[in-house]
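Please treat every number below as a calculation from the coordinates, not as lab data. Only a predicted model underlies this, so the values are computations on that prediction, with no experimental measurement involved. For neighbour counting, all protein chains shown are included, and Cβ atoms are generated from backbone atoms with ideal geometry for every residue, glycine included.
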Amino acid sequence: MKDRINYVCAACGKKRSIPADEPTPECCKRTMNPEPLPVCEMAPSAEHSRMDDASGPCDDGSAGGNV
C-alpha cells in the first residue's frame, strides 16, 4: 500500500489525499499545504496510555512551535 499525504487548500479549504510520490497538488492557483496532524487528546504517559486508543497519529506538541 502506498503512503498517502493529505493536503488542504489555504484559500477554499478543499482537501485532497494523494500518493506520497506524486507532486504537490494545486488549488485556487496556489500550491496546497500538507494537512497538519490533529492535536493529541490523550496524555502519552504510562498512567494515561494511548494503547487502547484506536485513533491515528497526532501532534503531541513536543516539536514546539506551529508545524
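For this structure, a couple of remarks:
- Stretch gain in nm, segment VAL8-ARG30, where the contour uses 0.36 nm per residue and the Cα spacing is subtracted: 6.8 nm
- Count Lys and Arg as plus one, Asp and Glu as minus one, and take only other residues whose Cβ is under 12 Å from that of ALA20; the net charge is then -1.
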